[in-house]
Amino acid sequence: MRVQSSATAPTSIAVTAPREHRALGTGLAALGVASFSLTFPATAWGLEGFGPWSLVAVRSVLAALVAGGCLLVLRARLPQRRHLPGLAVVALGVVLGFPMLTTLALQTSTTAHAAVVVGLLPLTTAVFSAVRTGSRPSRRFWLAAVAGAAAVLAFTIGQSGGALTAADAYLFAALLVCAAGYTEGGRLARVMPGWQVIGWALTLCLPLSVPAAAVALAYEPVHLTAHGIAGVLWVALGSQFLGLVVWYRGMAVIGIPRASQLQLAQPLLTLVWSALLLGEHFTAAAPLTAVAVLVCIAVTQRS
């Protein structure tokens with residue numbers, strides 16, 4: 001009975017919270033989306049100074065050290081054994097899989113292209129969540145999901161000259177592993193504080209990320225530049241830890257559906273950042289596809 005009571009806590013909070021609490025939750029979730037929207041431009045900057053394997057390993061170590069310090073200072077209890085499999089999925093999907101796959105993709109893909117493809121993440125997460133929880137979304141939900149996927153696939157093939165590239169394969173794989181990690185993270189955030197979900201997931205990766213960082217730094221040359229340092233610091237502290245902390249907290253206050261609607265703006269924000277920070281130029285197909293995906297996801301939310 002205790003588990004059931006805690007499992008429904010975020011939903012009841014989202015319904016009964018005072019208006020000022022909902023405003024705070026919306027602001028926190030919006031900060032999370034803003035931090036996520038900078039991930040791809042920051043990764044592109046990080047690749048100016050680090051190799052792809054070094055960048056992923058170093059960002060994981062830095063984020064884990066900060067997360068571990070917070071867990072230690074705040075005397076967080078160790079996660080229960082039954083939560084370890086879920087934390088492992090979060091670690092493999094959000095901490096390791098998504099950063100590695102998107103970093104490999106950004107070696108040959110523009111951030112604008114990647115932003116449009118990964119714009120399917122809220123939709124993919126919704127599908128994973130439906131399968132994981134056993135819910136049965138409406139026919140309109142599935143039609144919108146298929147339409148959004150078709151729009152992104154058409155954009156990807158059109159931009160790649162009629163065939164999928166290795167970068168596209170990395171991005172689609174990143175969608176799958178991150179959606180699995182988000183789904184498990186959202187489930188765990190119902191029974192433990194959201195910041196501890198990502199904190200423990202990062203900390204559990206230290207036995208892998210520390211040796212990986214040592215090996216990668218030994219084999220990949222590092223050229224420290226202002227962009228490279230700023231990029232690795234942002235993806236480690238802004239995207240991988242603090243962004244997820246405020247995102248999970250906001251999601252707990254306003255609920256998963258409302259929070260995911262805020263994430264609809266992420267691909268468009270990334271397009272803006274890629275133009276301002278990286279000077280990238282993209283055709284009208286990129287923002288048009290991003291808007292099409294936004295509409296499809298909005299339909300799934302209302303379904």
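The values are calculated or read from the model by the stated rules, or taken from the named source; none is laboratory data. Since this is a predicted model, take the numbers as computed values, not measurements. As a convention, Cβ positions derive from the backbone with ideal geometry for all residues, glycine included, and neighbour counts pool all protein chains shown. In case anyone asks, the SASA skips ligands and DNA or RNA and just uses the protein heavy atoms, side chains included. Shrake-Rupley method; radii C 1.70, N 1.55, O 1.52, S 1.80 Å.
Going through the range 95-120 one residue at a time, which ones are within 29 Å of LEU208 (Cα to Cα), part of a helix (DSSP H, G or I) and open to solvent by 10 Å² or more (accessible area, probe 1.4 Å)?
LEU96, GLY97, PHE98, MET100, LEU101, LEU104, VAL118
THR43 - would you say it is polar (S, T, N, Q) and closer than 15 Å to GLY181 by Cβ?
Spelling it out, it is not the case that THR43 is polar (S, T, N, Q) and closer than 15 Å to GLY181 by Cβ.
Yes or no, residue by residue, for (1) modelled with pLDDT of 90 or more; (2) farther than 17 Å from LEU233 by Cα; (3) open to solvent by 40 Å² or more (accessible area, probe 1.4 Å); (4) assigned to a helix (DSSP H, G or I):
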position: GLU48; (1), (2), (3), (4): yes, no, yes, no
position: TRP53; (1), (2), (3), (4): yes, no, yes, yes
position: ALA64; (1), (2), (3), (4): yes, no, no, yes
position: LEU72; (1), (2), (3), (4): yes, yes, yes, yes
position: GLY93; (1), (2), (3), (4): yes, yes, no, yes
position: LEU123; (1), (2), (3), (4): no, yes, no, yes
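Working carefully through the options HIS223, HIS227, find the one that is open to solvent by 50 Å² or more (accessible area, probe 1.4 Å) and not in a helix (DSSP H, G or I).
Within the list HIS223, HIS227, the selection yields HIS223.
Taking the stated definitions as given, is ALA169 surrounded by fewer than 20 Cβ atoms within 10 Å (Cβ to Cβ), free of Cβ contacts under 8 Å to residues at least 60 places away in the same chain and of a type in the set (A, V, I, L, M, F, W, C)?
When the stated conditions are applied, ALA169 passes them.
Might you check whether a residue that is within 24 Å of VAL73 (Cα to Cα), in contact (Cβ under 8 Å) with a residue 60 or more places away in the chain, surrounded by fewer than 23 Cβ atoms within 10 Å (Cβ to Cβ) and touching a helix residue (DSSP H, G or I) at 6+ places or on another chain (Cβ under 7 Å) occurs anywhere in the range 285-302? Steps first, answer last, please.
To start, the set of residues in the range 285-302 that are within 24 Å of VAL73 (Cα to Cα) comprises none.
Within the range 285-302, none of the residues are within 24 Å of VAL73 (Cα to Cα), in contact (Cβ under 8 Å) with a residue 60 or more places away in the chain, surrounded by fewer than 23 Cβ atoms within 10 Å (Cβ to Cβ) and touching a helix residue (DSSP H, G or I) at 6+ places or on another chain (Cβ under 7 Å).
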